[in-house]
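Data block below; observations after.
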Amino acid sequence: MKVCQTLWSGHKNLLEDSFGWLSPQHHLMAWTYSCLKLREFYPNVQLYTDSQGIKILINALNLPYTTYHEEYDDLRYNPSMWALPKILTYQKQLEPFIHVDGDVFIFDRFNDNLENADLLAQNLEVSTSYYNDLFSPMKKRIRYTPNFFKKNLSSKYPKSYNAGILGGKDIELLQKYASEALKFIDQNHTCQSNGNFNMIFEQLMFYSISKAYNTEVQCFFDKRYNDNGYGIEGFADFLLIPNMRYLHLIGPLKRNEFVCNQLVRRFFNEYPDYFEKVISLFQQPLHTYFKPHEKSRGQNNGQFKSKSRFNFSRTKSLIDKLYPGVNTNSNKSIELFVKEKNNQVLNEVYKYEKKLYYFLTRKFSRIYRDEICSIEKMVIQSNPFIIEIQNNNLSCILFLNPYIEIIETAFDVNDFNPYEILREEKKQKTIACIPQLFYDGYITAELDAVSINIISILYEEATPITFIKLEEKMSELFVRVDNDEIPIRSLITKRLKFLIGNNMIYLDRE
């Protein structure tokens, strides 16, 4: 089976534009990881791209595409038309194929039913008021619609097929679809500046033409999904690999920091050489550097060191909001200014960042690379145990990351917004700070009551404990409500995924 992917830069710089992701680094990590996973299961994976794609994906990263095609430099369309080059790629196919988006990751080969289908897609998508609100203004500007598309397009709740994967063996019908889509695009040029137009000519039209020609579409997911129903649990839960055979980071999932953390961690652990290739392309790479220890210079167990200078950015941002025009361009001047003004909120934000600064420069600086790498590997290896717990197989033990640091604060300083924090009332919050290999060498996460109790129990025990023992101790903290016991196991499992995903806890065999 031929597998193909399409990357059109849209005349943008792949090293500077995020293409809808959290950062340009995440975008290229996703492309690389997607390609590498496909090549694990398929010998023929082809790339359709432009010279920018060739420069980065092929020449710089040396991704193992079987063949690549430099096709799309001359496209003179609005960069928001990201699905148009995909349509062109569909049109170029002369044999059965599966087109896979660059934000899709597979962990097994597609099944025979999918590979042998006349038409295939990810899943049937049912519109809600979400799509209706997006499409209504645009429908008024559409001047040309082919007859087979009119009924579905004019419906308040049109149907579509998600095109995370799309293709099949009915090449004649797929080329007919591509031709109709391109004609629809060109005839409705006033819609081309709206990115939502892509979903109309790609996904809605694909559904309509399959119905017009009475051709069944085989889907990867049998379940129908609402247009706004693509959540982490079903489409972006890296913590459930290997149970998850397919992930698709749709829309906002590309900008979800927790999800992107899991993508980076997975990519680093599975393909460390390619990880280094990606980060080497950036002046500010998504990576933490390590300073060799004097006694072990030249060996691969250097001392942990954050890659960037801590700059009290939250405090500086709040000062700029409260006192515009004040020059606080050094850490010392920020400290003196905060002390002088004695503003309650400003004091709290500065106190929080001062503790972060202390952890980074005093405590985390004593940690060695091999210790952090070991924890990263243990976190990845925790995945099967999460699945076992969900299946009531409780033969695992829990380890607490020994490098967690806790900060108590009276305001929401972690999810920081200088405009919002000034309107907030004081409310006790608990923030965990954890060293890691990526970003600036640490992550922070707000802890809820359940997470705090789990960490406290593990800390007080001082040694790893079994899940059963944790469950027993957690049960003591809860009371019956209306004669029904709170589902402690479900509660613990949900929070364990959060704690593991943020490097605070990892699991191993009992």
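The values are calculated or read from the model by the stated rules, or taken from the named source; none is laboratory data. Model, not experiment: these values are computed from the prediction. Note that we place each Cβ from the backbone using ideal geometry, even for glycine, and neighbour counts take in every protein chain shown.
Quick notes on this one:
- Flag not set for residue 425, criterion: charged (D, E, K, R) and farther than 30 Å from residue 323 by Cβ.
- Given (1) crowded, with 16+ Cβ neighbours inside 10 Å; (2) closer than 22 Å to residue 392 by Cβ; (3) out of contact with any Cys (no Cβ under 8 Å at 6 or more places or on another chain); (4) of a type in the set (A, V, I, L, M, F, W, C), index of the condition residue 467 fails: (3)
So that you can scan it fast, the table gives a plain yes or no per residue for (1) modelled with pLDDT of 95 or more; (2) surrounded by fewer than 19 Cβ atoms within 10 Å (Cβ to Cβ); (3) charged (D, E, K, R); (4) within 26 Å of residue 270 (Cβ to Cβ):
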| position | (1), (2), (3), (4) |
| --- | --- |
| 77 | no, yes, no, no |
| 80 | no, yes, no, no |
| 100 | yes, no, no, yes |
| 119 | yes, no, no, no |
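- From the options 196, 188, residue that is closer than 18 Å to residue 133 by Cβ, touching a residue at least 24 places away in the same chain (Cβ under 8 Å) and in the same structural domain as residue 8 (by TED's automatic domain parsing): 196
- On inspection, residue 89 passes the criterion of being surrounded by 21 or more Cβ atoms within 10 Å (Cβ to Cβ), out of contact with any helix residue (DSSP H, G or I) (no Cβ under 8 Å at 6 or more places or on another chain) and not in a loop (DSSP other than H, G, I, E, B).
- Meeting the requirement of 2 or more residues that are among the β-branched types (Val, Ile, Thr), the helices (runs of 4 or more DSSP H) wholly within segment 160-239 are 171-187.
- Selection of first residues in segment 355-368 that are assigned by TED's automatic domain parsing to the domain that holds residue 407 and of second residues that are among the basic types (Lys, Arg) and outside any helix (DSSP H, G or I), restricted to Cβ pairs under 8 Å at least 6 apart or on distinct chains, gives the following pairs, ordered by first then second residue: 365/305.
- When segment 356-394 is limited to residues that are small (Gly, Ala, Ser) and part of a helix (DSSP H, G or I), the one that is nearest to the chain's Cα centre (by Cα) turns out to be 374.
- Members of segment 254-267 that are of a type in the set (A, V, I, L, M) and touching a strand residue (DSSP E or B) at 6+ places or on another chain (Cβ under 9 Å): 263
- Residues being farther than 26 Å from residue 278 by Cα, in a strand (DSSP E or B) and of a type outside the set (A, V, I, L, M, F, W, C) are entirely absent from segment 52-71.
- Selection within segment 4-19 - part of a loop (DSSP other than H, G, I, E, B) and touching a Phe, Trp or Tyr at 6+ places or on another chain (Cβ under 6 Å): 8
- Among the residues of segment 251-283, those that are outside any helix (DSSP H, G or I) and at pLDDT below 95 comprise 256, 280, 281, 282, 283.
- Residue within segment 317-338 that is among the acidic types (Asp, Glu), part of a helix (DSSP H, G or I) and loosely packed, with under 14 Cβ neighbours inside 10 Å present: yes
- Exactly one residue out of 505, 431, 454 is closer than 23 Å to residue 377 by Cα and within 25 Å of the chain's Cα centre (by Cα), and it is 505.
- Residues located in segment 30-86, provided they are small (Gly, Ala, Ser) and free of Cβ contacts under 8 Å to residues at least 24 places away in the same chain: 51
- Scoring residue 336 on the criteria (1) over 32 Å from the mean Cα position of the chain (by Cα); (2) closer than 23 Å to residue 417 by Cβ; (3) of a type in the set (A, V, I, L, M) leaves a single failure, condition (2).
- Tabulated pairs, segment 241-270, first on the phi < 0 side of the Ramachandran plot, second among the hydroxyl-bearing types (Ser, Thr, Tyr) and modelled with pLDDT of 95 or more, C-beta under 6 angstrom, 6+ apart or interchain: 267/33
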